[in-house]
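The values are calculated or read from the model by the stated rules, or taken from the named source; none is laboratory data. In this text the structure is predicted, and so the values were computed from the model without any measurement. Ideal geometry is used to build each Cβ from the backbone, glycine not excepted, and the neighbour counts take in all protein chains shown. Keep in mind that these areas ignore ligands, DNA and RNA; they rest on the heavy atoms of the full protein, side chains included. Shrake-Rupley method; radii C 1.70, N 1.55, O 1.52, S 1.80 Å.
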Amino acid sequence: MGKYKHIIFDIDGTLIDTEEAILQSLQDTVREMLHKDIGRHELKFALGIPGSAALRKLGITDTERANDRWNEHLLKYKSRIRLFDGIPELLNSLKMNGYKLGIVTSKTRNEYTADFAAPFALSGYFSTVICVEDAPRPKPFPEPLLAYLNVSDINAGDAVYIGDTVYDSQCAKNAGLDFGLAAWGNAAAQGIPADYIFKRPVDVLSYVVTP
């Protein structure tokens, strides 16, 4: 093994390609709730933060109802959500090399189950899953990763966090963890501070697994 004991992943834009489905369904929700059209480029800020926070930034006050509607609209685009190429192979290789795998996500526990665990059948790879309700403040604050460290009984130096947004990078920095940028999941991610930049999932093996 390399320097880390745990490899922690974000979900959206890192393990699964959800950008089109999330932004299209958010457009539909904004059109329904605010009666206006907002371009997908203007909505990209919503990627990587809790849905309620994104909705508040858009000026929606009834975030509970809006989030429900957003999830309902998302169902229309489920067929556009897919695993990134190479993710199952990466998880299997890391597991075979003795790493503990985990998830820290801005999804709720119900969203984690509906959007990831149920459709992709990969949850068995992950020993610890921290969802948005498991910490007092979401990314970019450090609490989600600190909660992971506490549950797993490890130090910050024992883990690396892999994600695709500036919120992921800031969360890792604030919690004292190294950060790996999943550049395969966010074409516009250049410039996000990272200790590692992974162009393909297989590149993770080159950095964290000792040959």
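Would you be so kind as to identify which of Ile38, Ser169, Thr105 lies farthest towards the positive end of the dipole of segment 32-176, taking Lys and Arg as +1 and Asp and Glu as -1 on Cβ and the Cα centre as origin? After comparing all options, I get Ile38.
Net charge in the neighbourhood of Asp164 (other residues with Cβ under 9 Å of its Cβ; Lys, Arg +1, Asp, Glu -1) is -3.
Dipole size in debye (nearest 20) for segment 1-79 around its Cα centre, Lys and Arg Cβ +1, Asp and Glu Cβ -1?
Details: 12 positive and 13 negative charges, 50 e Å.
Dipole of segment 1-79, to the nearest 20 debye: 240 debye.
Each Cα pair under 8 Å and six or more residues apart adds its separation to the average, and for the chain the resulting relative contact order is 26 percent.
Just to confirm a number: summing +1 for Lys and Arg and -1 for Asp and Glu over residues other than Lys173 whose beta-carbon lies under 13 angstrom from that of Lys173, what do you get? All intermediate terms of the calculation are to be shown ahead of the outcome.
Details: positive: Lys139; negative: Asp168, Asp178, Asp195.
Net of charged neighbours comes to -2.
Just grab the label-to-label distance for Asn174 and Lys5, each label 7 Å out from Cα along the Cβ direction, in nm (one decimal). According to this spin-label approximation, the distance is 2.5 nm. Surface composition of the chain: carbon and sulfur atoms hold 50% of the protein heavy-atom accessible area at a 1.4 Å probe.
Note on His35 and Lys199: the model spin-label points, each 7 Å out from Cα along the C-beta direction, lie 5.0 nm apart.
Packing around the peptides 101-111, 191-201, taken as the average count of other Cβ atoms within 10 Å per residue, puts them in this order, highest first: 101-111, 191-201. For the chain, the residue among Leu74, Ser93, Phe141 whose Cα projects farthest onto the positive side of the dipole built from Cβ charges is Ser93. Just how far, in whole angstrom, is segment 51-75 from segment 128-156 if you go by their alpha carbon centroids? A separation of 24 Å, based on Cα centres.
Give me the dipole magnitude in Debye, nearest 20, for the chain about the Cα centre, with unit charges on the beta carbon: positive for Lys and Arg, negative for Asp and Glu.
On the way: 23 positive and 27 negative charges, 22 e Å.
Around 100 debye, computed over the chain.
Take the Cα pairs of segment 121-211, get the Kirkwood Rh, then feed it into Stokes-Einstein at 10 °C and 1.306 mPa s and tell me D in µm²/s. Reported coefficient: 115 µm²/s. Accessible area per residue for the chain, computed on protein heavy atoms with a 1.4 Å probe, is 47 Å².
Figure the gain on full extension for Asn97 and Arg137 (residue separation times 0.36 nm, minus the Cα-Cα span) and round it to one decimal in nm.
Working: separation 40, 0.36 × 40 = 14.40 nm, distance 3.29 nm.
So the chain would gain 11.1 nm between Asn97 and Arg137.
Gain on full extension, evaluated as 0.36 nm per residue between Thr113 and Glu20 minus their Cα-Cα distance, stands at 31.5 nm.
Evaluated on the chain, the Kirkwood hydrodynamic radius is 17.3 Å, with distances taken between all distinct Cα atoms. Taking 19 Å as the cut-off, the amide N atoms of segment 1-42 that come nearer than this to a point 7 Å along the Cα-to-beta-carbon line of Glu89 belong to 14-17.
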